[in-house]
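Visitor: Take a look at this one; I'll ask things after.
Derivation of every value follows stated rules applied to the coordinates shown; laboratory data play no part. It should be emphasised that the depicted structure is a prediction, and the values quoted were computed from it without experimental measurement. Here the Cβ is made from the backbone with ideal geometry for all residues, glycine too, and neighbour counts use every protein chain on show.
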Amino acid sequence: MDKIKNELIRKARDRYENIFPCGGTQNLLECFTIENGQMYFWFNTPDNSTHALYTDLA
């Protein structure tokens, strides 16, 4: 799972450059949700917008 999380973090940084934890979390590794066979990565950008990337776990 850590490999998948690191890949989603890398994709988010490639797309948005500066990303930050959201929802009261302290680090990016806390910003994941697994639901319906997908892993979601939630994060904020400097403009205070929340974004999500996801990947299928199957």
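Visitor: Taking a quarter of the surface of the Cα convex hull of the chain, what do you get in nm²?
Guide: Mean orientational projected area (the chain, Cα hull): 3.8 nm².
Visitor: Let me ask something else about it. Using 0.36 nm times the number of residues separating Leu53 and Asn27, minus their current alpha carbon distance, what extension gain do you get?
Guide: Once the chain is fully extended between Leu53 and Asn27, it gains 7.7 nm.
Visitor: Related question: In nm, to one decimal, how far is the Asp14 label point from the Asp2 one, both placed 7 Å along Cα→Cβ?
Guide: Here the modelled spin labels are 2.2 nm apart.
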